[in-house]
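Here, each number is a calculation from the coordinates, and none is a lab measurement. Everything numeric here is computed off the predicted structure, so don't read it as measured data. Here Cβ is always computed from backbone atoms with ideal geometry, including for glycine, and neighbour counts include all displayed protein chains.
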Amino acid sequence: MKIVIVGCGKVGTSIAAELNSEGHEIVVVDINRAAVNRLSDSIDAMGIEGNGATYETLSEAGAGTADLVIAASARDEVNLYTCLMSRACGCKNTIARVRNPEYTNDLYRVKDILGLSMFINPEMTAAGEISRLLRFSGALEIDSFSKGQVELIKVNVPENSPVANREISKIDILKGKVRICAVERGSEVFIPNGDFVIHGGDRITVISKPEIAAKFFKKANINIGRSRDVIILGGGKISFYLAQRLLKAGIGVKIIEKNPQRCDELSDLLHEAVIIHGDCMDQDLLLSEGIEHADGVIALMDYDEENILISMYVRNVSHAKIITKVNNAHFDSIVEQLNIECVINPKKIAGEYIARYIRAVQNSLGSNVETLYRLNEGRVEALEFRVKSSSR
């Protein structure tokens, strides 16, 4: 597919990289020449310098013949206007990045008028991913298939687990209902057969229905319990969306934020949450607020370095499920060496969600791939596809 991406910031870059890796023809547009050159060179795409919200620039970028235009600039209003102008150019499918919750709540009213095929809120999407991980607090990753009816769940195997030191074919816990489809051991990844022996300390990815997986993990002595009390470090947009979801699910939420004005805003918006004004890096404060006894700790501060450091500290004083936000992809190798449990990148998640939408569009045009996830840092792929009557 030919795809025009307007905006070469972190979100636009992540989306472009994800779609380029799947073989799409990419054109990137930004008013900043340096940003255009940097992105177009890194993924070997065509770059256009100019205001992507104007008819002239969109026409130059080929929006009229493009299969899709993605508006991913820093401003919601510009993104929505870009989609409107893209429709005027002749593009039938548009996606807008929209971060403001007020706009997000109202977009369904004008979605058709603006010609929006989809809108993506990276912060809201990231909050959804985190809430899923907290539902199975012992999971390292969770990906869903068949509209959530089946899930891929990645977990650590403890040394005392009944599945440790056994061949997969001889593991009879709920045999036939749960399949171990990938094993990560150190830096190696295996697609195991029945003779493969699971070791304590391995990270295994299983596929099953969520309720059956829960029974399997219980019998396998793998702690996968649900979080009941969560501490969120940082009070940004992701924290707000996440707190809304957790409170609705009956989970206790405490947010620590150093900006007093933001604390007041969160207190007004989240009546059932406990809002603490303080420095998230203050270890004495964290201990006084019960970090040792929390089921989940989510590091969502503005700076990756702070999120990484505080996660390492919490790991030493608590048994909580720790989820760490890291925006900078260049930190991936460092984070892996530090053995940080769960890392989320909101920009990358947004790119993956858009890629899933594009696969659905392709499916309507003849492709049979409906869902694709890249696991274990891209070394393994899991696909959901439709088997046609003519398939052999």
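Here is how the numbers come out for the structure above:
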{"read-out": "Efficiency of FRET between Arg179 and Lys2 - r from beta-carbon atoms, R0 35 angstrom, step 0.05", "value": "0.40"}
{"read-out": "Distance in nm between pseudo-label sites at Asn105 and Glu265 (7 Å out along the Cβ direction from Cα)", "value": "1.5 nm"}
{"read-out": "Paired Rg and Dmax values of the stretch 1-154, which use every Cα atom, in angstrom", "value": "16.6, 52"}
{"read-out": "Kirkwood-Stokes translational diffusion coefficient of the stretch 126-274, alpha-carbon pairs, 25 °C, 0.890 mPa s, µm²/s", "value": "145 µm²/s"}
{"read-out": "Estimated FRET transfer efficiency (Asp41, His319; beta-carbon r; R0 45 Å; 0.05)", "value": "0.50"}
{"read-out": "Euclidean distance between Cα centres, the stretch 182-196 to the stretch 62-133, Å", "value": "40 Å"}
{"read-out": "Under-5 Å amide H pairs with Ile276, H placed in peptide plane, nonlocal only", "value": "Ile255, Ile256, Glu257"}
{"read-out": "Rounded if a/c under 1.5, otherwise prolate or oblate - the stretch 106-154, Cα gyration tensor axes", "value": "prolate"}
{"read-out": "Contour minus Cα-Cα distance for Asn339 and Glu305 (0.36 nm per residue)", "value": "10.8 nm"}
{"read-out": "Global geometry of the chain, whether rounded, prolate or oblate, following the gyration tensor of its Cα atoms and the 1.5 cut on a/c", "value": "oblate"}
{"read-out": "Too-long pairs where the Cα-Cα distance tops 20 Å, listed order kept, from Lys10/Lys258; Lys154/Lys209; Lys248/Lys325; Lys237/Lys347; Lys2/Lys92; Lys92/Lys348", "value": "Lys10/Lys258; Lys248/Lys325; Lys92/Lys348"}
{"read-out": "Highest-first arrangement of 45-57, 87-99, 231-243, where packing means the average Cβ count within 10 Å", "value": "231-243, 87-99, 45-57"}
{"read-out": "Dipole magnitude (debye, nearest 20) for the chain, charges at Cβ of Lys, Arg, Asp, Glu", "value": "1700 debye"}
